[in-house]
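Below: one structure, written as structure tokens.
The values are calculated or read from the model by the stated rules, or taken from the named source; none is laboratory data. Nothing here was measured: the structure is a model prediction, and the numbers come from that model. Counting neighbours? That spans all protein chains shown, and the Cβs are built from the backbone with ideal geometry, glycine included. Remember, those area values only see protein heavy atoms, side chains included, never the ligands or the DNA or RNA. Shrake-Rupley method; radii C 1.70, N 1.55, O 1.52, S 1.80 Å.
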Amino acid sequence: MKIIIGDNYDSMSKAVAEFVVEYVQQKPTALLCFPSGESPTGLLQQLLQYAQAGNVDFSQCTFIGLDEWVGLDETNEGSCRYYLQQNLFGPLGISPEKAIVFNGKAPDLDQECQRINAIIQKHGSLDIMLVGIGMNGHIGLNEPGVSFDLYAHHMPLAEVTVTVGQKYFKQPTALTEGITLGLKHFQEARVPILIAAGAKKAAILAQALEGEVTNQVPASILQTLPNALVYLDWAAAGELQFSAE
């Protein structure tokens, strides 16, 4: 696990974007996973700028959405699919067949998980799997207590996730379950990446990156991944003890 700290959110986002761009320049057909939420927005804006400047071509890449709220689809502005369409797929002009996302309204969620698993397996593994971290240490919607050995799956949401998740919606929204790539995908990704910014994430990051490796803090799995990259700003890194770049 390598930790890279940027002076602020913008510099952190730019550093992650530069890594992704260099990777895609070397492998134009990369399989890339991005999350929704607050943390990746700056990164996605940077990627769009690089693409518009002609520095990188994402047209041959395949994209996988990290997760989704069960019961929602792209018609809801709080859905993960809506976020990715607005901030990534649409601006980059990604063709629908190369923009793979969970259907939160799938009649058979297990079958939907198998569909996503099969797409990833066809590529061998994810090239880059980029995640944020929740206030309870979740990555994706892998909540505390989740098995480290799961691929795509669905599970009940923790109370804190339901509460914090309301910020993405214009009105109170019932959230009960999430469908998500699993921690096994994260372990098998060629480059697993965690990004986080802001002082509010400092305590959980210290617990995840320096505390006990436990499924009660899913992000602690990063400590077992020698090829993982962790991009933070100084505020998020405020409670870490070990040295970083």
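For the reader, a short list of remarks on this structure follows.
- Spin-label model, Leu150/Ile100: points 7 Å from Cα along the beta carbon direction are separated by 1.9 nm.
- For region 168-245: rounded, prolate or oblate by the Cα gyration tensor [a/c cutoff 1.5]: oblate
- Region 109-190 - convex hull of alpha carbons, volume per residue in Å³: 103 Å³
- Percent antiparallel among DSSP beta bridges (both partners in the chain, rounded to 5): 30 percent
- Sequence ranges 80-86, 134-140, ranked by mean other-Cβ count within 10 angstrom, highest first: 134-140, 80-86
- Distance between region 28-104 and region 186-212 - C-alpha centres, whole angstrom: 21 Å
- Between Gln26 and Gln49, the FRET efficiency estimated from the beta carbon spacing at R0 = 25 angstrom works out to 0.80.
- Under 26 Å, Cα to Cα: Lys pairs in the chain, sequence gap 8 or more or different chains: 25
- Only protein heavy atoms count here; on that basis, with a 1.4 Å probe, Arg115 has an accessible area of about 100 Å².
- Net charge contributed by nearby residues that have their C-beta within less than 15 Å of Ile94 (K/R +1, D/E -1): -1
- Helix content alone sets the calculated 222 nm mean residue ellipticity of the chain: runs of n ≥ 4 DSSP H residues at -39500 (n - 2.57) each, divided across all residues, give -8500 deg cm²/dmol.
- Taking other residues whose beta carbon is less than 14 angstrom from the beta carbon of Gln25, and scoring Lys, Arg as +1 and Asp, Glu as -1, yields -3.
- Probe 1.4 Å, accessible area per residue of region 54-200, Å²: 43 Å²
- Note on the chain: dipole from Cβ charges, positive end direction compared against Gly140, Asn103, Met155; the farthest Cα belongs to Asn103.
- Additional length obtainable on full extension of the chain from Gln121 to Ala206, 0.36 nm per residue less Cα span: 27.3 nm
- Note on Val213 and Thr75: the model spin-label points, each 7 Å out from Cα along the C-beta direction, lie 4.5 nm apart.
- Beta bridges per DSSP with both ends in region 108-245, % antiparallel, nearest 5: 40 percent
- Between Ala199 and Gln223, the contour length at 0.36 nm per residue exceeds the Cα-Cα span by 6.5 nm.
- Subtracting the Cα-Cα distance of Thr163 and Met135 from their residue separation scaled by 0.36 nm leaves 9.0 nm.
- Convex hull (Cα only) mean projected area of region 1-131, reported in nm² to one decimal: 8.4 nm²
- The listed residues Glu239, Glu210 rank as Glu239, Glu210 when sorted by accessible area, largest first, using a 1.4 Å probe.
- To put it simply, the accessible area of the chain at a 1.4 Å probe is 48 percent carbon and sulfur.
- Cα principal axis extents for region 91-242, largest first, Å: 44, 39, 34
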